[in-house]
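Data block below; observations after.
Laboratory data are not the source of any read-out in this text; all were calculated from the coordinates shown. Since we're looking at a predicted model, the values are computed, not measured. Every residue, glycine among them, receives a Cβ derived from its backbone with ideal geometry; neighbour counts consider all protein chains shown.
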Amino acid sequence: MALEPELVARFAGLVGPGNAVTDPDRLAPHLVEWRGLYRGRTSLMLQPETAAEVSAIMALAGRTRTAIVPQGGNTGLVGGQIPDGSGGQIILSLSRMDAIRNVDAAGGIITVEAGATLQAVQDTADAADRLFPLSLASQASAQIGGVLSTNAGGTTALAFGVARDLCLGLEVVLASGEILHGLRSLKKDNRGYDLRNLFIGAEGTLGIITAASLKLFPKPRGTATAFAGLASPARALELLTLAQSRLGASLTSFELSAALPFQFALRHMPALRDPFARSYPWYVLLEASSPVGAAQAQSALAAVLEDALAAELIGDAVPAASDAQARAFWAIREGMSEAQKHEGGSIKHDISLPLAAIPQFMDEAALAVQSVVPGARIACFGHLGDGNLHYNVSQPVGADKASFLARWADMNDAVHAVVSRHGGSFSAEHGIGVLKRDILARSLDPVALATMRSLKNLLDPLGILNPGKVL
Ligand SMILES: Cc1cc2nc3c(=O)[nH]c(=O)nc-3n(C[C@H](O)[C@H](O)[C@H](O)COP(=O)(O)OP(=O)(O)OC[C@H]3O[C@@H](n4cnc5c(N)ncnc54)[C@H](O)[C@@H]3O)c2cc1C
């Protein structure tokens, strides 16, 4: 049921003038997600400036049984940040809460508000001669609150872990309106249950994150980047083992791509150039970092690639000759999601697998895909070092987009069945949201599911926090 004007006015009175958005044109971009899969309705978006305002909003939401949908940068890929179609839910945008509260370079901690973008946090760390390693293609828009609420992974998880591993403490507004002051800056702290980890990855269903203290690392003094062309995922895994044994923690990224998404990026981003003279069935983008300098990183990476060539693990390797070329290599990798949009419908799978299972998974999943839609094109790429693949399936050339997308659930079932056979996960880093809610309900261990439902009831007994998402 749509929001009553009187209710809109009461909520609007809790934030400063101009911070209750009701203009349909200003609301429109917040009602559709990046892929256009989910569209919602609302007549109100609140943009609070302080945790106290968020607290007042939640208290009123409880009294009036109004559903609140937290939204950060709206780059989430599972529909979690979009209100439903009833018109009765309010968007709570954290965008104005974007202050950097404190940078403790020596202690390796940065404390930021939830609306700070990932890019802003990286830049602030960099200015303090520190590294905040989490890196996503969406980082210019994605906000820390969203990044933590989805437990984002990205291209550096191999060396530094996922968002959860980078967070020391949280400030959270609970459904009751109470503020949980958990902005700890201690690396060791065993005072009871780890409440912080309840809210990380909860996709706004257990509380509203308003600030976070995050870990900083020494800034590398140099990096080296290279693309390798190779025959198969099995070879890529051998290359990963070799690179890890030689480079250890200095191997900061190891990204795999099949030929198709690589070609899609080159085709649809005309400024990019193919680094190779011939094509390969698979590609790996490697990055090594050094605490000493670029020359050291380059020679260490070059030695790995020479040995890989000699052992015929790879067909060719192209080291980036300059920072500009390294950025161009990354642009190919980061352009893969966007480029798929130009190839018609794309059915997504954000999966993770035990590394050893990946070659066999690839063979079996390819058959599964063809059994659902013959001629469908597999555009698989991902963070191989973490066993995380974006196993995306583009429509056959010339097919009707709507009919292809109508097979989304069948395709998911077929691919996830193979994932499950190999002990993998159907949700690696993008979360559950609406997109995978039903899959979670039917495939998670019943005891785990019941425990999650108990937690939700405990923390949000009225069901006002992002209802219909995750569970
Ligand atoms: C081009 C592209 C590339 C991407 N690459 C990656 C990648 O490599 N790895 C990866 O993990 N993800 C990736 N993503 C997905 C997305 O960027 C991440 O999920 C990101 O963490 C979402 O942040 P956001 O601020 O946009 O959150 P939103 O999309 O606004 O919200 C996401 C979820 O978090 C909740 N939420 C948001 N803010 C808060 C808050 N303050 N408190 C409580 N709940 C909140 C929302 O309700 C929603 O459920 C990519 C997306 C795009 C478009």
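Distant-in-sequence amide contacts of Ala379, defined by a placed amide H-H separation under 5 Å and a gap of 5 or more residues or a different chain, comprise Asn392, Val393, Ser394.
With the highest mean first, a sort of the peptides 56-62, 224-230 on other beta-carbon atoms found within 10 angstrom per residue produces 224-230, 56-62. Between Ala105 and Thr241, the simple label model (points 7 Å from Cα in the Cβ direction) yields a spacing of 4.3 nm. Taking amide H as placed 1.01 Å from N in the peptide plane, the amide H of Leu170 sits under 5 Å from that of Gly182, Leu183, Arg184, Ser213, each at least 5 places away or on another chain. Of the complete DSSP H runs in the chain, none spans 27 angstrom or more by Cα along the long axis with a mean Kyte-Doolittle score not below 1.0. Straight-line cross-link reach from Lys215 at under 15 Å between alpha-carbon atoms covers these aspartates and glutamates, not counting any fewer than eight positions away in the same chain: Asp104, Glu113, Asp123, Asp126, Asp129, Asp165, Asp189. Pairs spanning more than 31 Å between alpha-carbon atoms, out of Lys188/Lys348; Lys187/Lys436; Lys188/Lys469; Lys341/Lys469; Lys188/Lys219: Lys188/Lys348; Lys187/Lys436; Lys188/Lys469. Taking 0.36 nm per residue of separation and subtracting the current Cα-Cα distance, fully stretching the chain between Arg184 and Ala311 would add 40.9 nm. Each Lys or Arg adds one and each Asp or Glu takes one away; over the other residues whose Cβ falls under 13 Å from the Cβ of Glu4, this sums to +1. For the chain, DSSP calls about 85 percent of its internal beta bridges antiparallel.
Computed about the Cα centre, the dipole magnitude for the range 190-274 is approximately 320 debye when only Lys and Arg (+1) and Asp and Glu (-1) carry charge, each at its Cβ. Model label points for Ser443 and Ala417, set 7 angstrom from Cα along the Cα-to-Cβ axis, are 1.2 nm apart.
Between Ala324 and Asp410, the FRET efficiency from the beta-carbon distance, with R0 = 56 Å, is close to 0.80. Paramagnetic label reach from Ala303 (point 7 Å along Cα→Cβ; backbone nitrogen cut-off under 18 Å): within the range 233-251, residues 239-251. For the range 246-354, the list of chymotrypsin sites (Phe, Trp or Tyr not before Pro) that fall in a loop by DSSP and count at most 16 other C-beta atoms within 10 angstrom reads Phe276. The relative contact order of the range 1-73, computed from alpha carbon pairs under 8 Å that lie at least 6 residues apart in sequence, is 32 percent. Across the chain, the mean sequence separation of Cα contacts (distance under 8 Å, 6 or more residues apart), normalised by length, yields a relative contact order of 15 percent.
Our estimate of slack between Asn19 and Lys341, defined as 0.36 nm per intervening residue step minus the Cα-Cα distance, is 112.6 nm.
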